[in-house]
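Undergrad: Structure in structure tokens, see below.
The values are calculated or read from the model by the stated rules, or taken from the named source; none is laboratory data. Computed from a predicted structure; not experimentally measured. Neighbour counts run over all protein chains shown; Cβ positions are idealised from the backbone, glycine included.
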Amino acid sequence: MKFCASLFLAGASAAVAFAPSAYVPSKMGVARSSQAVASGSTALSMAADGDAFDQEKFIAESKEMRLKYLEEQAMFSLKISCENYGDAVFPNAMIAGDVVITHLLHRLGYLKDGKAKIMVVDTFHLFPETMDFLREIEDFYGFKAEVFCAEGVPVGDKAAYDKKYGANLWKEDIEQYDKVCKVEPFQRGLKTLNTNCMINGRTRWQGFERAWIDQFENAPIGGGLAKCNPLAYWTLEDTFDYIAKYEVPHHPLHAKGYPSHGDAKDTIPIPEDGSTRFVDFKFEGDPVPWLDYASERKGRFVGLANKDGSTKTECGIHVAGAEKTFDRDLWEGGAVKNLESNDAAKGVVASGKPAVVAVYAPWCQVRLGNLIHYYDCSICFA
């Protein structure tokens, strides 16, 4: 409570000290404070004397005040996560928000003392610059990330992945690709690291799917562990302001026109001509295409659609239901198959091959009848 109170009082005093007496011009149809009304004539004489109001300076100082508060708020949430949980883990995709969180964790000393672990999922389809950049920030901040990839494949071995799952899995079944390359290794990483609090860089500014997230919530994955979103209330402009203020190491693709990045196969610059860039800690070109609401991830999942035909906006890691076991091969040379009809099930019987059939609809009398029938046909149901 002392932390909150001190922030409020500090913010209040700063706001009073900073507010100019005639901030709202008298000709504008906006209600003014009594102080502004009383000093209206003074404001006019000041304008007449050429002592103009410095708008750019006021904006810059206001943004600095906002960023200072957001920093304190984010560090407060990270302290809650790392001091009160023994195994806080930060899955780091090295996007703009993630490099800010990495920097904040470094400032708080949690990377050095191990109170926060960094986890990275390599999908084998990332931009080449991404894993190179990981090595750079590992050296810069002095930590070692735990890297996870598709099950049964050595880290960094793309050839082994292609042999086991197929180089075109993402083209053949995008949802299965997400499960194999993102969701399963993500969850396996959390479990391997004994995670009891997950830190991540989602923000309300990223779009309507995330518009109501708070700094703390229960994750819909991994059985319901604690989840911390330290940048929940930041805009993308706040994020780049922070990167510029502290000269934070950031992904080299920002200098090539990418506001965000994921898999190279479905990520494009915004605008597509690459005219907006973040170079040497400042923007080149018009920053609006990046900084407008829900624009950070416009270049992600390009050309991809979900099975129901809807536009793809999430990979499955941060959505409800991601904790469900995914379909996978149970035996070498075999595969899980959906039986769409009774005839299909009879075909399994007729094949004479060993099989396990899972029936889900325990209160459906028709399926219960089928269950009894097929059990008589010597198929083991589970």
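Undergrad: Could you tell me whether Ala150 is in a helix (DSSP H, G or I) and either under 20 Å from Asp263 (Cβ atoms) or modelled with pLDDT under 95 (or both)? Please lay out each step first, then the result.
TA: On the way: in a helix (DSSP H, G or I): no; either under 20 Å from Asp263 (Cβ atoms) or modelled with pLDDT under 95 (or both): yes.
So Ala150 fails the test.
Undergrad: In addition: Of the residues that make up the range 165-174, is at least one polar (S, T, N, Q), without any contact (Cβ under 8 Å) to a residue 24 or more places away in the chain, in the same structural domain as Leu70 (by TED's automatic domain parsing) and over 16 Å from Val99 (Cβ atoms)? Steps first, please.
TA: To start, the set of residues in the range 165-174 that are polar (S, T, N, Q) comprises 168.
If we keep only those that are without any contact (Cβ under 8 Å) to a residue 24 or more places away in the chain too, we end up with 168.
Remaining after also requiring in the same structural domain as Leu70 (by TED's automatic domain parsing): 168.
Remaining after also requiring over 16 Å from Val99 (Cβ atoms): 168.
So far as the range 165-174 goes, yes, one or more of its residues are polar (S, T, N, Q), without any contact (Cβ under 8 Å) to a residue 24 or more places away in the chain, in the same structural domain as Leu70 (by TED's automatic domain parsing) and over 16 Å from Val99 (Cβ atoms).
Undergrad: Oh, and also: Considering only residues that are exposed (fewer than 15 other Cβ atoms within 10 Å of the Cβ) and either assigned to a helix (DSSP H, G or I) or in contact with a strand residue (DSSP E or B) (Cβ under 6 Å, 6 or more places away or on another chain) (or both), which ones fall in the range 159-175?
TA: Ala159, Asp162, Lys163, Lys171, Glu172
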